[in-house]
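A short write-up of the structure that comes next.
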């Protein structure tokens, strides 16, 4: 993931100002960055509308073994359920030369909560330490209903490749990648396997 972010940062056009919409082929995504602490790359935060109910979007996102169908450059996303209810996925990224392959494992946890504002669907993931060739990688999806058949999705995405990758390149790559993740997800949720009961 870290190398992907660097590749995209160097190849992509200038980043929109934080908090402004980034046009994609199927709608806008609002992208901001947030500081996770001193000395760390900034976290990307994307917000966008998915034209599907949150239950369907949640089913698609919780199908961890199929993330390679909508995540840029992700070639493998084999997932295994764990006794504690989480899932661990093996991720392999195939990137252009000279970057090449990046591999790592992430642990997914999911939950549905009901509060005063209504129901919230949430998925969190975190890099399994020392499981690959990135220093850190974690994120989350938070879903809420936005009228009939529509979902407000919030993606938080953090990557720390370590080594000699400049922080500005990681931050820019994260922000430039987020709209394309939303674009892929908007297509992915249309698959018939997520029709539900």
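Just want the ordering: 193, 59, from fewest to most Cβ atoms lying within 10 Å of their own Cβ. Could you put the intermediate results ahead of the total?
Details: 193 10, 59 18.
Result, fewest neighbours first: 193, 59.
Among 57, 134, what is the fewest-to-most ranking by other Cβ atoms within 10 Å? Could you put the intermediate results ahead of the total?
Values: 57 24, 134 21.
Ordered by Cβ neighbours within 10 Å, fewest first: 134, 57.
At 0.36 nm per residue, and after removing the present C-alpha to C-alpha distance, how many nm does the segment from residue 190 to residue 80 gain when stretched out fully?
Numbers: separation 110, 0.36 × 110 = 39.60 nm, distance 2.39 nm.
Going from the current span to full extension adds 37.2 nm.
Between residue 168 and residue 144, what is the label-to-label distance in nm when each label sits 7 Å out along the Cα-to-Cβ direction?
Distance between label points: 3.6 nm.
None of the figures in this text is laboratory data; all of them are computed from the coordinates on show. Treat the numbers as computed from the prediction; the structure is a model and nothing was measured. Please note: Cβ atoms are built from the backbone with ideal geometry, for glycine as well, and neighbour counts cover all protein chains shown.
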